[in-house]
Structure formats: structure tokens, C-alpha cells
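Shown next, in C-alpha cells, is the structure this report addresses.
Please treat every number below as a calculation from the coordinates, not as lab data. As the structure is a computational prediction, the values presented were derived from the model and not from experiment. Note: ideal-geometry Cβ built from the backbone for every residue, glycine included; neighbour counts use all protein chains shown.
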Amino acid sequence: MPTATEDLLADWTTLLHRRGATDDPEPYGRELLRRWSEPQRRYHTVEHLRAVLRHVDGLADHAADPDAVRLAAWFHDAVYRPDRTENEERSAALAHRALTAAGLPAALVAEVERLVLLTVTHDPAPGDRNGEVLCDADLAVLGGAPQEYAAYAAAVREEYGFVPEPDFRAGRAAVLRGILALPALYRTPAAHERLTAAARANLTAELDGLDGL
């Protein structure tokens, strides 16, 4: 009987073969899914990966290289320890090692590595169409319905369960203010039109709640 992630594994394998893999991609796909299933994760799970890939597909027409964005989605939180600050850098390094070993072209590997690092700031340069798609897909959760956003925020709090409440509130508020201060929450026309208003309302409501406690 297929597992809940067999469809993702099949998509990964097809993607790697399509872009020129010379080594069997399936074992590393399973390793990535193992990473995305680690017990410390509450929001940054396989379901987050699945959601980001779905949003990338929906915005693919905007990307210069949709497959590069898909590969970056697979790796963007592949290393995730909430008690560390270098997750994106370690994820980018993992992408470089894994995709090089798979035999993908060096230029594609470099682009994936760059995109993963872009998720540190979610602030792509004007005209960076691949970066715009990845960042919009990663931040799409912010523009969900209020109950969906509440579930996301609660899952993030669980991931940081080791942080005392006053410290978490201060740190989370700083993150939310940083997101709200971005030149634009969403850069692709489709995501900007569809998600901006809801995302700003959700972020502002959470921030007001944190400041009011």
C-alpha cells in the first residue's frame, strides 16, 4: 500500500531525471522526506513541503526556471533545528552536496543554492522571477483564512516550546514586524492580488495579540 509520501517521492524522482540526474534520485528523496518528518517539526513538516510545492506549481508561469524553484522548495527547510540560526545556510549546503552528487548541472545547482539562501530574508531583487516564486510560495500560509493562520502560528509556537513565553513573544513580534516591513509581502502578480490583504490582516492581528499580552 503506498505511503502518504509516495506521490512526493515520485515527483522528486521525475524532477531529478528531467533535469539530468545521472545517479538514482530515489534514495536521496527518501532521505529528504525523512528529514522533513523529524520529531522537532510542527509546522516545517512534510505538509509544509507539499504546500510550498503546490504553490510553486500554481505560480510556475512566472518563474524563469520552475524546476529550479521546485528543487529549492525541496531543500529550503531540509535542515531545520529551531534552536539554531544557520538552518538556511546548512540547507543550501545540503542542496549543493546532494544535487552535485546526483549529477545535475553546476549552474542549476548554484541557482538552487542561491534560492534556498534567499529564504533567509524573503526579499528577492526586482526581476528575480525564480526568487519571487519561491518566496511567495513559502509565505503563502500568511494569506490563509484566519483559522488556517491560527493553526500555523500555534504550530510555530510548538516548535519553539523550549523558549520562555516572554522571550518568544518578543522574538516572534520582531519576526512579524520584519515581514510587515518588506517592500511587498508578495512579488508575483497572482499572489500579490490574492494574498496580500489577508496576510497583512493576519500578521497585524497576531502582532497586536503579542503586544497586548
Anisotropy class of segment 72-198 from Cα gyration tensor, a/c 1.5 cut: oblate
Net charge of Cβ neighbours under 12 Å - reference Asp128; Lys, Arg +1; Asp, Glu -1: -2
Dipole of segment 109-206, positive end: most advanced residue of Pro183, Val133, Ala151 [Cβ charges, Cα centre]: Pro183
Segment Ala184-Gln147, length gained on full extension (0.36 nm per residue, minus Cα span): 11.0 nm
Spacing of the two label points (7 Å from each Cα toward its C-beta) at Ala125 and Leu108, in nm: 2.4 nm
Karplus 3J(HN,Hα) series, Hz, for segment 59-74 with 6.51 cos²θ - 1.76 cosθ + 1.60 (x for Gly, Pro): 10, 4, 5, 7, 6, 6, 9, x, 5, 4, 5, 4, 4, 5, 4, 4
Theoretical gain in end-to-end length, Ala174 to Glu158 [0.36 nm per residue, Cα-Cα removed]: 4.0 nm
